[in-house]
Ligand SMILES: Nc1ncnc2c1ncn2[C@@H]1O[C@H](COP(=O)(O)OP(=O)(O)OP(=O)(O)O)[C@@H](O)[C@H]1O
Ligand SMILES: [Mg+2]
């Protein structure tokens, strides 16, 4: 555990203590479950976003990708489709939209921030068109029952997240993929000169992020049993905030998966706690925004950015 | 005289309207150190990037041991036994020495079809290479970005050696080095040639070139203007070839 991860852990604990003192409703086991429950989708999306930022990419459309996947799942459930089909739909739609993003950003060479911003606009309209101004609501509970089950006493969401974390961690720290990802994040041109299949690695990473987001959509639908118009509208901002809080460089070349997990938890603890002490939920994006600016500002003035200084000198 | 390892025929490279290289014919022989000289912007780096698979040529062809090759990436060139130390080194500053030396061709073992890195083995091989180079690096796990210019050069050279290449190309390998390190690199070029490797050395230091080169090729404004055996030319002649004051170069440039 590095210094950043340790300070995040401390920040989580401090926040918990402060909110416990401030609100009598805070320190209950029910609320702890709520916070963890609210973290599920963001943890999955955050893992993918960590990979994207590590390779110098980003995806600001990721929340709406979750929304589109959720609509697909909802439609299948609503049509009384098999739970198997509903389980496959999320990752499948996620993978498909990941391919679309990769086609634009990687093959089309549109800078990731611009390309995904463009897709965000397109996908938003698609959500509107698909829902036609109406929520998908009152969906059947077969998916909910499946995902509320426990295996050996461990809730399914926790199990899925643990597996996703382990797979991504192994890929990043124990296989050539991780080295290629970080090399691309440091400099695409140097990675290319080193013989790395840059296009393949970048393409694959957008697809992986899409699949993780599709799994997140499955949990979203299972939990809420409805899909509303604003589905996923804050997810990208939240994910980017959590990932950079966790110590992954916004400029690429450095990442921390544990940091992302702690970043997500801190964000959700703050959002939940502020709500409980009476801050209107309208203020939540403000908190996230201030956290992003705060972290990047802090990094810019402290000497935590030696890598980016090399990057600038060598660019 | 041995048959050439690599033959470049009529190579040209254009970047939009800019012609960086035109009509370059060159033979590179095993066991020989070939020095590439020329002013800034003469096209030396562009030429070796074509040999390294980093740029496709706009025109012309490359033959390796008589067979035409077309590199679509640096990986292809590496697979044909060409290792290149680029002028800008192309190291990943955020990765460690061993990770850089093996980047793009990592040692791995397959477990359930998943390729896992063999970190210990890569580290061992790199320690051996660094020792062979007599390079002193206190923390081999440190990111390459925290190393000095000379140490980075050593890492880039390790990378080339590790490939067991048949042709090693070095673009200004001594530009960032102190006297002692420069000696080591020059000795290394001779050792590589002694092993039967072909070596291409780019340098602006003419005395350095005379110390190690068997042949000298001079580029000027994207063209090859002269080729001499090192034993049959001298410092002054090479300078005049580079600057264009030499009668041969003048004659050539008049006809073009
Ligand atoms: N990627 C590129 N795009 C456009 N022009 C380029 C590119 N690479 C090189 N050039 C141009 O090609 C010409 C030759 O450059 P090159 O780097 O090969 O010179 P050089 O002989 O290596 O010089 P130096 O001794 O300064 O390293 C220059 O005019 C340069 O600006
Ligand atoms: Mg050059």
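Details
- Where only alpha carbons of the stretch B:1-88 are counted, the Rg and the Dmax (Å): 12.6, 40
- Overall form of the stretch B:74-162 per C-alpha gyration tensor (a/c, 1.5; a/b vs b/c): oblate
- Considering only beta bridges that DSSP places wholly inside chain B, some 60 percent are antiparallel.
- The stretch B:157-256 - Rg over Rh from alpha carbon coordinates, Kirkwood radius: 1.01
- Gained length - residue A:234 relative to residue A:275, 0.36 nm times residue gap less alpha-carbon distance: 13.1 nm
- Axis angle, to the nearest 10 degrees, between helix B:149-162 and the longest C-alpha principal axis of chain B: 80 degrees.
- Kirkwood hydrodynamic radius computed over chain B comes to 19.1 Å, based on all pairs of distinct alpha carbons.
- Inverse of mean 1/r across different Cα pairs in the protein assembly as shown, Kirkwood, Å: 26.7
- Measuring r between the beta carbons of residue A:298 and residue B:183 and using R0 = 41 Å, the FRET efficiency lands at 0.35.
- Counting all C-alpha pairs of the stretch B:119-170, share separated by more than 18 Å (%): 28
- The distance from the alpha carbon centre of the stretch A:67-122 to that of the stretch B:112-169 is 41 Å, rounded to a whole number.
- Distance between the modelled labels on residue B:76 and residue B:109, one decimal in nanometres: 3.5 nm (7 Å Cα→Cβ projection).
- Cα shape, the stretch A:73-216, gyration tensor, a/c 1.5 rule: oblate
- Listed by Cβ neighbour count within 10 Å, with the fewest neighbours leading, A:123, A:220 appear as A:123, A:220.
- q = 0.12, 0.13 Å⁻¹: log10 I(q)/I(0) that the Debye formula gives for chain A, counting C-alpha atoms only: -0.82, -0.96
- Here the label points at residue B:141 and residue A:1, each 7 Å from Cα along the C-beta direction, are separated by 1.9 nm in the simple model.
- The stretch B:98-237 pair-distance distribution - Cα-Cα, 5 Å bins, rounded %: 2, 8, 17, 19, 17, 13, 10, 6, 4, 2, 1, 0, 0
- For chain B, the longest principal axis of the Cα atoms and the long axis of helix B:119-133 meet at an angle of about 40 degrees.
- Percent of C-alpha pairs per 10 Å bin, the stretch A:1-56, short to long: 20, 36, 34, 10, 1
- Radius of gyration and maximum dimension Dmax of the stretch B:136-207, Cα, Å: 12.5, 36
- Selected from A:50, A:101, A:34 as most flexible by GNM, with chain A as the system and alpha-carbon contacts under 10 Å: A:34
- Where only DSSP H runs of four or more residues are counted, chain B gives -10500 deg cm²/dmol as its mean residue ellipticity at 222 nm, each run worth -39500 (n - 2.57).
- A Förster radius of 30 Å combined with the Cβ-Cβ distance from residue B:205 to residue B:245 puts the calculated FRET efficiency at roughly 0.95.
- Among B:197, A:12, the ranking by other beta carbons within 10 Å of each residue's beta carbon, starting with the fewest, stands as A:12, B:197.
- Computed from the C-alpha gyration tensor, the three semi-axes of the ellipsoid equivalent to the stretch A:132-274 are 32, 18, 17 Å, from longest to shortest.
- In terms of its Cα atoms, the stretch A:1-141 spans 48, 41, 28 Å along the principal axes, sorted from long to short.
- Rounded to the nearest 5, the antiparallel percentage of DSSP beta bridges internal to the protein assembly as shown is 60%.
- Linear extension gain, residue A:151 paired with residue A:287, 0.36 nm per residue minus alpha-carbon span: 45.4 nm
- Sites residue A:20 and residue B:18, calculated FRET efficiency, Cβ-Cβ separation with R0 60 Å, nearest 0.05: 0.35
- Rough spin-label spacing in nm, given labels placed 7 Å along Cα→Cβ, for residue B:88 and residue A:10: 4.0
Values quoted throughout were computed directly from the atomic coordinates according to the rules given, and no laboratory measurement underlies them. Please read all numbers here as calculations on a predicted model, not as lab measurements. Positions of Cβ are backbone-derived with ideal geometry, glycine not excepted, and every protein chain shown enters the neighbour counts.
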